[in-house]
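> Quick one: structure below, then a few questions.
The values are calculated or read from the model by the stated rules, or taken from the named source; none is laboratory data. Because the structure is predicted, anything quoted here is derived from the model rather than measured. For neighbour counting, all protein chains shown are included, and Cβ atoms are generated from backbone atoms with ideal geometry for every residue, glycine included.
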Amino acid sequence: MKQYITIITIALLTSTFAKAQTKDTIEVQKIGDKYYVIVDHPKVDTTKQFAPAPAPPPTISKTFDSHFMVVGLATIGFLNTWSVNKVNTPTGVVSTKLPTTNSFGDVAHYEFSPMFLWRHSDNILVEFEPSFSNGSLGVNWADITYFAYPGVILRAGYIVLPFGTYNKRLAAGWICKLPTDPVSITSSPVGSDWGIELEGGQQTGKMKVNYDVALTNGFTLSATDGSIANPDVNAVDNNLGKTVTGRFGWLPALNSGVEIGASGLWGKAGDANTAYKNVSTAMGALDFQWVYAKKPVAINIKAEADMQYVTNASYSNPNPPTVSDTTYTYKNLSYGYYGMFSIRPIVADKFFRNVEFAVRYSSYQSPKGSAFENRQDQISAGVCYWINWRTVFKIGYENLITTNPDNNELAITNLKNTQNILYVQFSVQF
Amino acid sequence: MKAIFNKKITFVIIGLLGMVLAVTVSGCKVNEAISSKTGAQLWGENCRRCHNAPDPNTFSPEQWKTVGMHMQTRALITNVERDKIVAFLQQ
């Protein structure tokens, strides 16, 4: 009997508590800037506990300190190449026609490079641009930029060297008006390197000037032939010396249409603790641009001349003419230049105002007497159709002549290779 | 020969830095014709030094602010120019 009474009592209490839990709930709500306690009970008129609903807050236009975005560029294309090799022999010139090739996305002429931009605050920007091109994944730049004062910008990381203007400003496929880069640029070791940078622009009366100075790990010297290379992004500096690179730009015109720049680079390149530890590189460049736009045409002229000097050293001759003469030396001086001209009509017709014609000549001479001596002469011409300001379709033709000299001491045989290339290229900034 | 070469390079670098400093200091006084330029004018003049002038509708106002900082590091425009161009593009 006691058991029944106990069970019934527990059941009644449980049901009472359960009923209470379902009926008497407590809830806190925020309405406007005040908190309200709402007791949801059948005996309480909850509507009396509410103040009149406040008006919604006005819409405030807010700017945020931190911001992240992805932009970038993509370039794809098709090219058709036909080539001829010519060799001077005692009996005359021997000409050999090479097989014609054509290819979508040739390894040297496609690129997919998303650029990650993170604005940390009004003064700090983080940039990172990986790149899929030349058959591999690489990094174009990865740096932290601090906008210290007006005209003073500090940067650290993997930076584009401030030498000339092409690499830093004009190399992107959607900016360059021709499908290829000039040979004077592609043959130069200048690229990106780890280091720190100081740069800025300043108004001076009616003119403007800008400066850009960097301190980086520097180039590496090949102990085999004395050639200079830009180190890989993963490379550790091969010596204790750092490389100074700088450019000074001058914009004399009121509308910034003309810019003249001078660049210099100096630093050790040889490996530490070797016979080449004191071998240094010095480079210089002059660049020029003129941008003009007035009906009925827009004209764009760009030019850059570079030279590179490496201090003298002796290198092992892979094919010595005599047993005792196993090393050789040469004046390690190379130079190159390019000049580009483009014209675009400024007319009412939509089709014609989106068309731009461009021509360019470029030449590069590697050191005479070296094992890698050659001369390249490149003539490029093309037509761009601008689908919008950052999307372009290009058709171009290029004639590239590479000449290797006779060099009996290094067992090099003369060769003249002529390449004719037709390009169809599509490039977009996103 | 090497010492002379090193000296020459040092003089060139010092000369370049000296020019930068001299011109920067002397540039405190900005010409009125420059300072009165609008963002639209500066957008048309400076962007096209390297590429076509961008369509303001391409990015949002927040994005333009970030893009403006990136482009300043490339074109080395002044802070005043950057701020005016970004303000124009944000409209």
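> Does at least one position in segment A:311-324 carry a residue that is part of a strand (DSSP E or B) and hydrophobic (A, V, I, L, M, F, W, C)? I'd like the intermediate steps shown before the answer.
Looking only at segment A:311-324, we keep the residues that are part of a strand (DSSP E or B), and these are A:315-316.
Subsequent filtering for residues that are hydrophobic (A, V, I, L, M, F, W, C) retains none.
Among the residues of segment A:311-324, not one is part of a strand (DSSP E or B) and hydrophobic (A, V, I, L, M, F, W, C), which makes the answer no.
> A follow-up question, please. Could you run through segment A:279-334 and say how many residues are of a type in the set (Val, Ile, Thr) and within 18 Å of A:ALA262 (Cα to Cα)? Outline the logic, then answer.
The first filter runs over segment A:279-334 and keeps only residues of a type in the set (Val, Ile, Thr), leaving A:279, A:281, A:291, A:297, A:299, A:301, A:310-311, A:322-323, A:326-327, A:329.
If we keep only those that are within 18 Å of A:ALA262 (Cα to Cα) too, we end up with A:281, A:301.
Looking only at that region, the number is 2.
> So for segment B:2-19 (the condition being at the interface with chain A (Cβ under 7 Å from one of its Cβ atoms), modelled with pLDDT of 70 or more and not in a helix (DSSP H, G or I)), does at least one residue qualify?
Scanning segment B:2-19, I find no residue that is at the interface with chain A (Cβ under 7 Å from one of its Cβ atoms), modelled with pLDDT of 70 or more and not in a helix (DSSP H, G or I), so the answer is no.
> Being in contact with a helix residue (DSSP H, G or I) (Cβ under 8 Å, 6 or more places away or on another chain) and of a type outside the set (Phe, Trp, Tyr) is the filter here; which residues of segment A:117-156 pass it?
Those that are in contact with a helix residue (DSSP H, G or I) (Cβ under 8 Å, 6 or more places away or on another chain) and of a type outside the set (Phe, Trp, Tyr): A:LEU117, A:ARG119, A:LEU125, A:GLU127, A:THR145, A:PRO150, A:GLY151, A:ILE153, A:ARG155.
Residues are listed down the side, and each one gets a yes or a no for (1) in a loop (DSSP other than H, G, I, E, B); (2) at pLDDT 95 or above; (3) at positive phi:
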{"residue": "A:TRP266", "(1), (2), (3)": "no, yes, no"}
{"residue": "A:ALA272", "(1), (2), (3)": "yes, no, no"}
{"residue": "A:LYS277", "(1), (2), (3)": "yes, no, no"}
{"residue": "A:ALA293", "(1), (2), (3)": "no, no, no"}
{"residue": "A:ASN300", "(1), (2), (3)": "no, yes, no"}
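> If you don't mind, another one. Name every residue in segment A:265-289 that is touching a Lys or Arg at 6+ places or on another chain (Cβ under 8 Å), without any contact (Cβ under 8 Å) to a residue 40 or more places away in the chain and either within 22 Å of A:GLY201 (Cβ to Cβ) or surrounded by fewer than 19 Cβ atoms within 10 Å (Cβ to Cβ) (or both), in order of residue number.
A:LYS277, A:ASN278, A:PHE288
> Go through segment A:209-236 and give me each residue that's free of Cβ contacts under 8 Å to residues at least 40 places away in the same chain and in contact with a Pro (Cβ under 8 Å, 6 or more places away or on another chain).
Filtering segment A:209-236 for residues free of Cβ contacts under 8 Å to residues at least 40 places away in the same chain gives A:211, A:215, A:217, A:222, A:231-232, A:234-236.
A:ASN217 - this is the single residue of segment A:209-236 that is free of Cβ contacts under 8 Å to residues at least 40 places away in the same chain and in contact with a Pro (Cβ under 8 Å, 6 or more places away or on another chain).
> Now, a different point. Across segment A:383-426, what is the total count of residues that are modelled with pLDDT under 95, closer than 22 Å to A:PHE341 by Cα and of a type in the set (Ser, Thr, Tyr)?
Result for segment A:383-426: 1.
> Next up: Collect the residues in segment A:121-137 that are modelled with pLDDT under 95, in contact with a Ser or Thr (Cβ under 8 Å, 6 or more places away or on another chain) and under 11 Å from A:PHE147 (Cβ atoms), keeping them in residue-number order.
Within segment A:121-137, just A:SER121 meets the criteria.
> List every residue pair whose Cβ atoms sit under 8 Å apart, with the two residues 6 or more apart in sequence or on different chains, where the first one lies in segment B:73-91 and is facing chain A (nearest Cβ under 8 Å) and farther than 19 Å from A:LEU117 by Cα and the second, anywhere, is of a type in the set (Ser, Thr, Tyr) and in a helix (DSSP H, G or I).
Short answer, once both residue conditions are applied: B:VAL80/B:SER35.
> State all residues of segment A:134-167 that are within 26 Å of A:GLY77 (Cβ to Cβ) and without any contact (Cβ under 8 Å) to a residue 40 or more places away in the chain; if no residue qualifies, say none. If you could, list the steps in order and put the result at the bottom.
The first filter runs over segment A:134-167 and keeps only residues within 26 Å of A:GLY77 (Cβ to Cβ), leaving A:134-141, A:160, A:164-167.
Passing the criteria: A:ASN134, A:GLY135, A:SER136, A:LEU137, A:VAL160, A:ASN167.
> Right, something else. Only residues in segment A:369-385 that are outside any strand (DSSP E or B) and surrounded by fewer than 17 Cβ atoms within 10 Å (Cβ to Cβ) count as the first member; pair them with residues that are at pLDDT below 95 and aromatic (Phe, Trp, Tyr), Cβ under 9 angstrom, at least 6 apart or cross-chain, and list the lot.
From residues that are outside any strand (DSSP E or B) and surrounded by fewer than 17 Cβ atoms within 10 Å (Cβ to Cβ), the pairs are A:GLY369/A:TYR328; A:GLY369/A:TYR330.
> Of the residues that sit in segment A:390-408 and are out of contact with any strand residue (DSSP E or B) (no Cβ under 6 Å at 6 or more places or on another chain) and surrounded by fewer than 17 Cβ atoms within 10 Å (Cβ to Cβ), which one is nearest to A:ASN319 (Cα to Cα)?
Applying the first criterion (out of contact with any strand residue (DSSP E or B) (no Cβ under 6 Å at 6 or more places or on another chain)) to segment A:390-408 yields A:405-408.
Now narrow it down to the ones that are surrounded by fewer than 17 Cβ atoms within 10 Å (Cβ to Cβ): A:405-406, A:408.
On the way: A:PRO405: 16, A:ASP406: 14, A:ASN408: 9 Å.
Within segment A:390-408, the match that is nearest to A:ASN319 (Cα to Cα) is A:ASN408.
> B:GLN41: more than 7 Å from chain A (Cβ to nearest Cβ), more than 27 Å from A:LEU286 (Cα to Cα) and modelled with pLDDT of 75 or more, yes or no?
Numbers: more than 7 Å from chain A (Cβ to nearest Cβ): yes; more than 27 Å from A:LEU286 (Cα to Cα): yes; modelled with pLDDT of 75 or more: yes.
Yes, satisfied.
> Looking only at segment A:143-171, which residues are within 9 Å of chain B (Cβ to nearest Cβ), part of a loop (DSSP other than H, G, I, E, B) and within 23 Å of B:HIS51 (Cβ to Cβ)?
A:THR165
> Touching a His at 6+ places or on another chain (Cβ under 6 Å) and of a type in the set (Lys, Arg): does that describe A:ARG155? Break it down into steps so the answer makes sense when it comes.
Numbers: touching a His at 6+ places or on another chain (Cβ under 6 Å): no; of a type in the set (Lys, Arg): yes.
No.
> Please determine, by comparing only the residues of segment A:195-242 that are touching a Gly at 6+ places or on another chain (Cβ under 7 Å), more than 14 Å from every other protein chain (Cβ to nearest Cβ) and part of a strand (DSSP E or B), which one is farthest from A:GLY164 (Cα to Cα).
A:LEU221
> Ok, one more. Check A:LEU286, A:LEU265 and return the single one that is within 28 Å of A:PRO367 (Cα to Cα), away from chain B (no Cβ under 12 Å) and in contact with a strand residue (DSSP E or B) (Cβ under 9 Å, 6 or more places away or on another chain).
A:LEU286
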